[in-house]
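Before any comments, here is the structure.
Just so it is clear, none of the values below were taken in a lab; they were calculated from the coordinates. What you are looking at is a predicted structure, and each value in this text was computed from that prediction instead of being measured. Positions of Cβ are generated from backbone atoms using ideal geometry, with glycine treated the same way; all protein chains shown enter the neighbour counts.
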Amino acid sequence: MKTTGIASLRPADLEAWGRLAARVAEPNPFFEPLFLPAAAAALADGDGDGVELLVAETGDGEWSGALPVVRRRALGLVALVEAWQHPYCYLGTPLVDRERLPEFAAALVSSLAANEHGRFLVLRRCSAGPVLGAIRAAAEAGGLAVLFEREFERGAYRGRDPGEPLAWIKGKRRSELKRQRRKLGEELGAEVEVRDRPDLEAAVADFLALESAGWKGEEGTALASDAGSAELFESMCRAFAAEGRLQLRALQAGDRALAMTCDIAADGTLFGFKSAYDESLRRFSPGVQLQTENFGCFDRERDEELFDSCAEPDNEMINGLWPDRRTIATVVLGPGGARGALARRALERAYSARRRGDD
């Protein structure tokens, strides 16, 4: 396996990367060339020079797998941190050719065993699916140990019968949502409706303004609060819209946006990237109103099988509204024996400390 800096990728590399993204075992738009180079340039130090791509190639020059990594020394260990930590990466599953999954996993484990790029590998926020399963199996066969593992579940939606909308929500709650929708229209003196927003430039500007007007703007965590974050959002929306993989929808009353969602699609999964709502209308739950409409849209109009909320596990609104769950795991691989036992104890302490903090 080889590593190459994101900023130094050649056009041929980007083309091979794009072809890999079209045949992956599990989709992850956050590691695709439509997203990752822009994120590295906008958010990483040194114009993305610190972010590398760990790549496995086939004999004909195609890529069988790719994993964005940064090299860090933590707890005395040199680790490859797969899930590059920036605020807008909600999944850490490597991109792996569905026909070469065991081959990629074996190459990854072999590189660790040989200490080619580091002896420990941290896989953050991977889906608990076939890619992680193959890496586990290869690690066991190659004599490596799972030194640390934590799982959580986040809200997801796997589709329902469109003839029975919101059937999983209690009748009283559904009645309350209808009442709020009616009252919202009365308050604003206009019909409240959900619209797709194909007018990309105006829609992106509306989303940034809507998010900035709320508590995120006050705390400086809105996309528009940071030039790099806003640039990444605009670039990502353009790139995914050009491939027909962007869903920008708004709950509107006339020309006024009351809530907006931005979702991106990848090979059978729709990922909830960002949402915002007009907080002056909080009592009418405009964000929830839009999200329930999105479930209906998913059932009637979308081809994907899974809608991943990409939310934190303690998000009460998501947990109460989204009926299904997706398991996400953080795993650390490394050598077994006494050295591995020492690393395991250190990782357990670090994780406990992080949970007491802001993770």
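Some observations on this one:
- Acute angle (nearest 10 degrees) that the helix 227-242 long axis makes with the longest principal axis of the chain, alpha-carbon atoms: 80 degrees
- Take every pair of alpha-carbon atoms less than 8 Å apart whose residues are at least six positions apart; their mean separation over the length of the chain yields a relative contact order of 21 percent.
- Rg and Dmax [Cα atoms of region 161-219; Å; Rg one decimal, Dmax integer]: 15.8, 42
- Modelled this way, with points 7 Å down the Cα-to-C-beta line, the labels at residue 216 and residue 199 are 2.2 nm from one another.
- Residue-span extension gain [residue 182 to residue 14] - 0.36 nm each, minus C-alpha spacing: 55.5 nm
- In this Cβ point-charge picture (+1 for Lys and Arg, -1 for Asp and Glu), the chain has a dipole of about 1480 debye about its Cα centre.
- Dividing the Cα radius of gyration of the chain by its Kirkwood radius returns 0.99 for Rg/Rh.
- Potential extension, residue 141-residue 301 segment - 0.36 nm per residue separation minus Cα distance: 53.2 nm
- Whole-number D in µm²/s for region 123-196 (Stokes-Einstein; Kirkwood sum over Cα pairs; 20 °C, 1.002 mPa s): 123 µm²/s
- Farthest toward positive dipole pole in region 159-304 [+1 Lys/Arg, -1 Asp/Glu at C-beta], among 284, 269, 171: 171
- Here the dipole of region 159-304 is about 900 debye; that uses its Cα centre as origin and unit charges on the Cβ of Lys and Arg (positive) and Asp and Glu (negative).
- Sequence-separation-based contact order of region 74-178, relative, with Cα cut under 8 Å and 6+ spacing, percent: 28 percent
- Among 282, 150, the ranking by other beta carbons within 10 Å of each residue's beta carbon, starting with the fewest, stands as 282, 150.
- Charge dipole (the chain, unit charges on Cβ, about Cα centre) - positive-most of 108, 253, 31: 108
- When you count the other C-beta atoms within 10 angstrom of each residue and take the mean per peptide, 240-248, 299-307 line up highest first as 240-248, 299-307.
- Those aspartates and glutamates that a straight Cα-Cα span of less than 15 Å connects to residue 183, excepting residues fewer than 8 apart in one chain: 191, 193
- Share of Cα-Cα pairs in region 53-165 lying beyond 21 Å, as whole percent: 41 percent
- Both radii come from the Cα set of region 159-304: Rg as radius of gyration, Rh as Kirkwood radius; their ratio Rg/Rh reads 0.97.
- Relative contact order (percent, whole number), region 159-304, Cα cutoff 8 Å, 6+ residue spacing: 26 percent
- Estimated inter-spin distance, residue 227 and residue 315, nm [label 7 Å along Cα→Cβ]: 3.0 nm
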